[in-house]
Amino acid sequence: MVIMKTSSEFLSTAIEAASQVGTRLQEMLGESRASKGVTTKRNPADLVTQADRMTEDHIVRLLRERFPNHGVVAEEGTSHPGGDYRWIIDPIDGTTNFAYGVPLFAVSIALEHKGDLIAGVVYHPSMDELFAAERGHGAFLRRNGHEKTLRVSDQATVADSVVATGLPYAIRETGHNIPEIERLMRTAIEVRIIGTAALNLAYVAAGRMGAFWEPGLNAWDIAAGALLVQEAGGRISDTQGRPFHVDCRDVLATNGRVHNEMVRLLGAA
Ligand code: IPD
Ligand code: CA
Ligand code: CA
């Protein structure tokens, strides 16, 4: 058993917040869509539930109590300016799964300092798997009271890798990502579409997936997962291989070894 280096109060507070809301979300998972209060946002496929807002409020309240001078941005509309520190929160990543009772959703909480990600937590309540990272201290998985250092996979080719992607909500109008998915289906062992970007990134960090890409993501989908991948020895960039930034939207995360091949495959699609 590896002792997790929850050295900073920042990471331990993020873990505390994610664990609290995760337990409640797991209890709600089996309830009907009506009792979850499901409505739509930008288009009919873009869902939100009362649980998204409740979860966001709970996390933000806890963080603001502990760190009143920190800024916050969260998917369901919370925005507080701050000084050098900014929390980036996705209260439920995988809302469609959550709304339909599919146990594949995660809580994602990250902290930036002067524009650099320094702490991140992705919590998957249905498996009670908590993925966490701190800049310079590695990435860890906590499950059943045990902690394990995360390390990306060692596959050297895409043909040897399971890769994951996501479907942008506007895919019906834009068709974005369909040619790339076809290309990867013809190359990788398999292409997984599990409906949560944060968990996909955690799985790249854990060596379960060789690569994950998705166009059109937002900072809250990727901030915590990006740090997990980097701290587990992987690589993250935009889909053209240019340097990563939380606002870069079209994201590619890999074990490092298959990165250039993925950039080439996506570019050729
Ligand atoms: C979505 C999930 C999904 C991805 C979408 C995201 P949400 O986040 O990460 O996997 O394909 O692009 O917007 O709306 O469930 O928080
Ligand atoms: Ca999300
Ligand atoms: Ca969300």
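The values are calculated or read from the model by the stated rules, or taken from the named source; none is laboratory data. Computed from a predicted structure; not experimentally measured. Ideal geometry is used to build each Cβ from the backbone, glycine not excepted, and the neighbour counts take in all protein chains shown.
Condition check ((1) modelled with pLDDT of 95 or more; (2) closer than 21 Å to Gly77 by Cβ) across all residues:
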| site | (1), (2) |
| --- | --- |
| Ser19 | yes, no |
| Gln26 | yes, no |
| Asn43 | no, yes |
| Met54 | yes, yes |
>> So if I check each of Val73, Val38, which one is among the hydrophobic types (A, V, I, L, M, F, W, C), away from ligand 2 (no atom under 15 Å from the Cβ) and over 16 Å from Ala18 (Cβ atoms)?
In response: Val38
> Can you tell which of Gly166, Gly138 is at positive phi and small (Gly, Ala, Ser)?
Replying inline: Gly138
> Among the residues of the range 36-57, how many are away from ligand 3 (no atom under 12 Å from the Cβ), crowded, with 16+ Cβ neighbours inside 10 Å and not charged (D, E, K, R)?
Replying inline: 2
>> Out of the residues in the range 112-128 meeting the condition of being more than 23 Å from His146 (Cα to Cα) and acidic (Asp, Glu), tell me which one is surrounded by the fewest Cβ atoms within 10 Å (Cβ to Cβ).
In response: Asp116
> Can you name the residue in the range 215-246 that is among the charged types (D, E, K, R) and out of contact with any helix residue (DSSP H, G or I) (no Cβ under 6 Å at 6 or more places or on another chain) and, of all such residues, is farthest from Ala74 (Cα to Cα)?
Replying inline: Arg242
>> Name the single residue that is nearest to ligand 2 (Cβ to nearest atom) among those in the range 199-219 being more than 18 Å from Leu130 (Cβ to Cβ) and touching a residue at least 60 places away in the same chain (Cβ under 8 Å).
In response: Asn218
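Residues checked against (1) under 15 Å from Ser108 (Cα atoms); (2) surrounded by 16 or more Cβ atoms within 10 Å (Cβ to Cβ):
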{"site": "Phe131", "(1), (2)": "yes, yes"}
{"site": "Glu134", "(1), (2)": "yes, yes"}
{"site": "Asn144", "(1), (2)": "no, no"}
{"site": "Val152", "(1), (2)": "no, yes"}
{"site": "Thr174", "(1), (2)": "no, no"}
{"site": "Glu180", "(1), (2)": "no, yes"}
{"site": "Ile194", "(1), (2)": "no, yes"}
> Looking only at residues in the range 85-111 that are among the hydroxyl-bearing types (Ser, Thr, Tyr) and closer than 26 Å to His245 by Cβ, which one is surrounded by the most Cβ atoms within 10 Å (Cβ to Cβ)?
Replying inline: Ser108
> Could you list, in sequence order, the residues of the range 79-108 that are within 16 Å of ligand 2 (Cβ to nearest atom) and touching a Pro at 6+ places or on another chain (Cβ under 9 Å)?
Replying inline: Asn97, Phe105, Ala106, Val107, Ser108
> Exactly one of (1) within 14 Å of ligand 1 (Cβ to nearest atom); (2) in contact with a Gly (Cβ under 8 Å, 6 or more places away or on another chain) is unmet by Arg86. Its number?
Replying inline: (1)
> Cβ-Cβ below 6 Å, separation at least six or inter-chain, first residue in the range 88-114 and β-branched (Val, Ile, Thr), second modelled with pLDDT under 95 and not in a helix (DSSP H, G or I): which pairs?
Replying inline: Thr95/Leu47; Thr96/Leu47
>> So for the range 112-127 (the condition being in a loop (DSSP other than H, G, I, E, B), within 29 Å of Ala17 (Cα to Cα), of a type outside the set (Val, Ile, Thr) and touching a helix residue (DSSP H, G or I) at 6+ places or on another chain (Cβ under 9 Å)), does at least one residue qualify?
In response: no
>> Tally up the residues in the range 40-55 that are assigned to a strand (DSSP E or B) and under 15 Å from Asn218 (Cβ atoms), please.
In response: 1
>> Show me the helices (runs of 4 or more DSSP H) entirely contained within the range 180-269 in which 3 or more residues are under 15 Å from the mean Cα position of the chain (by Cα) and within 13 Å of ligand 1 (Cβ to nearest atom).
In response: 197-205, 219-231
> Looking at Ala74, Ala119, which one is within 12 Å of ligand 3 (Cβ to nearest atom), at pLDDT 95 or above and touching a Phe, Trp or Tyr at 6+ places or on another chain (Cβ under 9 Å)?
Replying inline: Ala74
> Here are Val21, Val60, Val38, Val107: which of them is among the β-branched types (Val, Ile, Thr) and over 19 Å from the mean Cα position of the chain (by Cα)?
Replying inline: Val38
